[in-house]
């Protein structure tokens, strides 16, 4: 019985360690500021902020590809979902004050994409840092 | 169980409705104010076009147009591409009448055909025409087969041969896809004129809605003689020329 208990406890412990390993990705310059100010990013109608964030995490590819077709094919511009807005908030700045590409290793996009093993194809064409005039 | 009489029922329902209305209206107001609106889809009530008057257009005007296009879209500085590999969204073309030896210079770019051959041949539907007549490449779908480049009678399209960085935010470009003049669709959607049109100070290049009878381009086309390049192909181009 005591052996079983030890096995059970070690399984529990390892799962806790595995959870602790799940670190929060580098949010990026503006997004961190935004979060520290206590503002609720990606908040959706009739949804708690936590639920909205989960939706954003799970659904961002669908949201973006839906919007990309609307923009390119129908000329629908503006609105909430824009890839350049993602890049604007989620890029970090290096020691020299220059933007690090958002798809560089350990940056916002690549952290999760590496972890889940999905390739990131947006940035073979799209700009990886905020626009020059910003 | 307590029996609910008519008066009590009305009282509670009114109070609840009023309460919900107050709270809900508050929520709607704040969320709507925070969310930027999307613009409406474009329609076929408009057709964007351009009229280039080669009598008024000087050679330096054409150079200005090319430079403005390069600056707007960020093409032309591909370091590893040589010769025909280089991007050319807008080109300076010299035409000579063999009989009279008259030389005219024109700026040649995507002619934004009503019936574009590039769209006909595209196997993935990446080459497409918007409702308002602007012909574009959907690079999300483009597989880089270059059929469209073969099909285009104007040699208006280019292929990106190398990995690019620091693209313009409004103009994503990448290796392995085909690209061409977009008639500065990002500016047109904002109500501005394309970069090449804005770079010419005289009225040698006119941009506007071909269908709108009050537009300058429509009125000018009614007055002056104009041609489409390779009109024999019946493509009904959006870019017209006068003086050739």
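Values in this text are rule-based calculations from the coordinates and carry no lab data. Only a predicted model underlies this, so the values are computations on that prediction, with no experimental measurement involved. All Cβ positions, even for glycine, are placed from backbone atoms using ideal geometry, and neighbour counts span all protein chains on display.
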_What is the distance in Å between the Cα centroid of the stretch B:103-117 and that of the stretch B:145-181?_
17
*Let me have the 222 nm mean residue ellipticity of chain A computed from DSSP H runs of 4+ only, each contributing -39500 (n - 2.57), with the sum over all residues rounded to the nearest 500.*
-17000 deg cm²/dmol
*Residues B:58, B:220 arranged by fewest to most Cβ contacts within 10 Å*: B:58, B:220
*Please determine, in degrees from 0 to 90 and to the nearest 10, the orientation of helix B:59-73 with respect to the longest principal axis defined by the Cα atoms of chain B, where the helix direction is its Cα long axis.*
40
*Give the Rg/Rh ratio for chain B, taking Rg as the radius of gyration of the Cα atoms and Rh as the Kirkwood radius, to two decimals.*
1.23
*Residue mean of other protein chain beta carbons inside 10 Å, A:122-130*: 6
*For B:187-196, mean number of other protein chain Cβ atoms within 10 Å*: 1
*Estimated translational D of the protein assembly as shown in µm²/s (Stokes, Kirkwood radius over Cα pairs; 20 °C; 1.002 mPa s)*: 86
*Roughly how crowded by other chains is peptide B:163-172, in terms of the mean Cβ count from those chains within 10 Å of each of its Cβ atoms?*
5
*Given the options A:38, A:79, A:117, state which has the largest fluctuation in a GNM of chain A using a 10 Å cut-off (strictly under) for Cα springs.*
A:79
_Centroid-to-centroid separation of the stretch A:22-79 and the stretch B:64-87 [C-alpha atoms, Å]_ = 34
_For q = 0.11, 0.14 Å⁻¹, Debye-computed log10 I/I(0) when each Cα of the stretch A:1-113 counts as one equal scatterer_ = -0.53, -0.75
*Using the 10 angstrom Cβ neighbour count as an exposure proxy, how do A:125, B:113 rank, fewest first?*
A:125, B:113
*Exposure proxy check: B:183, A:47 ranked by fewest other beta carbons within 10 Å?*
A:47, B:183
